[in-house]
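Reading through the structure tokens given below for one structure.
The values are calculated or read from the model by the stated rules, or taken from the named source; none is laboratory data. Computed from a predicted model, the values in this text were never measured in an experiment. Every residue, glycine among them, receives a Cβ derived from its backbone with ideal geometry; neighbour counts consider all protein chains shown. To get the accessible areas, we keep the full protein, side chains included, count just its heavy atoms, and leave off ligands, DNA and RNA. Shrake-Rupley method; radii C 1.70, N 1.55, O 1.52, S 1.80 Å.
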Amino acid sequence: MSTKSITDYIALLDTAGIEYTRDVPLAPRTTLRIGGNADAGVFPDSENQIIEAIRDAKKCGARYMVLGNGSNVLFDDAGFRGAVIFTKKLRGVSVDATTLCAGAGASLLAVTTAARDAGLSGLEFAYGIPGSCGGAVCMNAGAYGGDMASVVAEVAVYDSEKDRICRLDASEMRFAYRKSIVGNGERYTVLSVTFELECGDKNTITEKMTELMKRRAEKQPLNFPSAGSAFKRPAPDKYVGKMIEDSGLKGYSVGGAQVSEKHAGFIVNRGGATSDDMIKLIGHIKNTISENYGVDLECEIRLIPEKA
């Protein structure tokens with residue numbers, strides 16, 4: 001991307017009154033705490049502004065990507081040549097009867113606690129997942145037997161190809177294991193999500209959420225930066241963490257990147273890990289599992305290169 005295109009883009013953002021920051025650090029904005037700076041960080045405060053930010057980027061040929069809580073991405077240490085559009089200000093949550101609506105930037109913590117406080121059941125599985133509502137829908141996030149596909153009724157998205165907002169119901173979302181029709185982040189941008197939940201007992205819901213959080217704390221390396229599970233499960237009866245552990249890789253390190261000593265399905269940043277450390281470790285794990293089991297692991301972490 002040329003310097004001129006980002007300069008032109010910034011000028012359009014100024015005209016539209018959309019908040020931005022030049023040369024924005026990415027590492028503090030991801031759960032892995034890895035990555036250099038983006039040419040610009042854009043912070044729209046409404047659906048209209050996020051749409052305008054995308055339109056303007058396309059208008060002047062500026063590279064861009066939309067990011068929620070940065071919980072499953074790995075940016076290059078050299079940064080991102082382009083603009084990162086953050087959804088964090090689109091965080092409104094509302095409840096009407098058994099329907100809960102949330103902005104794309106709403107954290108899953110906020111969404112799950114709002115459901116609990118309203119006595120609505122169905123989202124307990126998502127309590128403790130460190131992502132945004134939009135990101136969770138994109139990858140059909142799930143845990144402990146639940147996933148987004150089981151509770152999402154409708155998703156409002158901006159279709160950049162047709163330049164319009166459209167509403168996709170659950171069947172149109174094409175949910176599958178860790179993916180959906182909006183998961184590639186190119187054509188569609190999630191604006192808001194509507195969940196259809198069930199009435200439940202608030203105390204029972206609270207107890208379940210507390211129990212699931214306890215299980216997370218016992219089994220997952222929550223004391224180190226990570227991007228959650230590093231690899232997708234290749235089959236219902238194949239557990240990646242066990243294969244990695246049985247291959248002798250638990251605790252294996254490359255620089256500051258390490259296979260968690262607590263749960264081998266996680267790769268953690270033990271301090272000072274670089275994107276190169278992470279990529280080399282991911283590659284070593286994939287090669288080892290392929291040799292030992294004949295299984296080609298698919299990385300769940302989205303690797304974002306410096307340049308397109």
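Brief remarks on what is shown
- Binned Cα-Cα distances of the stretch 72-184, short to long, each 10 Å bin given as a whole percent: 13, 44, 33, 9, 1
- In this Cβ point-charge picture (+1 for Lys and Arg, -1 for Asp and Glu), the chain has a dipole of about 460 debye about its Cα centre.
- Spin-label pair LEU109/ALA16, simplified geometry with 7 Å Cα→Cβ offset, distance in nm: 3.0
- ASP39, ASP45, ranked by accessible area, largest first (probe 1.4 Å): ASP45, ASP39
- According to the Cα-based calculation, Rg over Rh for the stretch 107-161 is 0.99, with Rh computed by the Kirkwood formula.
- With Rh defined as the Kirkwood radius, the inverse of the mean 1/r over Cα pairs, the Rg/Rh of the stretch 110-245 is 0.99.
- Probe 1.4 Å - accessible area at VAL111, Å² to nearest ten: 0
- Burial ranking of peptide ranges 86-98, 145-157 (average Cβ count within 10 Å, highest at the top): 145-157, 86-98
- Note on the stretch 3-63: Cα-Cα pairs beyond 20 Å make up 27% of the total pair count.
- Extending 7 Å from the Cα toward the beta-carbon at both ALA176 and ASP237 defines two label points whose distance is 2.2 nm.
- Computed from backbone phi with θ = phi - 60° and the Karplus coefficients 6.51, -1.76 and 1.60, the 3J(HN,Hα) list for the stretch 135-152 is x, 5, 5, 4, 9, 6, 4, x, 5, 6, x, x, 7, 4, 4, 7, 10, 7 Hz; x is used for glycine and proline.
- Accessible area in the full protein assembly, largest first, 1.4 Å probe, for LEU303, LEU74: LEU303, LEU74
- Charging the Cβ of each Asp and Glu at -1 and of each Lys and Arg at +1, and nothing else, the dipole of the stretch 13-124 about its Cα centre rounds to 200 debye.
- Within a Gaussian network of the chain (alpha carbon springs, distance under 10 Å), most fluctuating of SER226, SER275, SER160: SER160
- Dimensionless Rg ratio for the stretch 26-96, taking C-alpha atoms and the 2.2 N^0.38 Å reference: 1.18
- For TYR239, TYR144, the ranking by accessible surface with the largest value first comes to TYR239, TYR144, using a 1.4 Å probe.
- Taking GLY248, GLY35, GLY79 as the candidate residues, the one with maximal mean-square fluctuation in a Gaussian network model of the chain, Cα springs under 10 Å, is GLY248.
- For the chain, the 222 nm mean residue ellipticity estimated from helices alone, with every DSSP H stretch of n ≥ 4 adding -39500 (n - 2.57) and the total spread over all residues, rounds to -9000 deg cm²/dmol.
- Amide H partners (placed H, <5 Å) of ASP39, local residues excluded: PHE80, GLY82
- Over the stretch 174-308, the alpha carbon radius of gyration divided by the compact-protein estimate 2.2 N^0.38 Å works out to 1.24.
- Net charge contributed by nearby residues that have their C-beta within less than 14 Å of ARG116 (K/R +1, D/E -1): -4
- Square roots of 5 times each gyration tensor eigenvalue, C-alpha, the chain, largest first, Å: 30, 27, 16
- Semi-axis lengths, largest first, of the ellipsoid equivalent to the stretch 257-308 are 19, 16, 9 Å, with √(5λ) applied to each eigenvalue of the Cα gyration tensor.
- Those lysines that a straight Cα-Cα span of less than 24 Å connects to LYS4, excepting residues fewer than 8 apart in one chain: LYS58, LYS59, LYS307
- Amide H contacts for GLU306 (H built 1.01 Å from N in the peptide plane; partners 5 or more residues away or on another chain; cut-off under 5 Å): ASP76.
- With R₀ fixed at 35 Å, the C-beta to C-beta distance from ARG270 to THR3 puts the FRET efficiency at about 0.45.
- Remark: the stretch 242-250, residue by residue, has Karplus-estimated 3J(HN,Hα) of 5, 4, 5, 5, 5, 8, x, 9, 4 Hz, where x stands for each Gly or Pro and the curve is 6.51 cos²θ - 1.76 cosθ + 1.60 at θ = phi - 60°.
- Applying the criteria of a DSSP loop state and at most 13 other Cβ atoms within 10 Å to the trypsin sites (Lys or Arg not before Pro) of the stretch 226-308 yields LYS307.
- Placing unit charges on the Cβ atoms only, positive for Lys and Arg and negative for Asp and Glu, gives the stretch 100-254 a dipole magnitude near 500 debye about its Cα centre.
- Signed unit charges on C-beta, dipole axis of the chain, positive-most listed residue ALA227, GLY17, VAL155: ALA227
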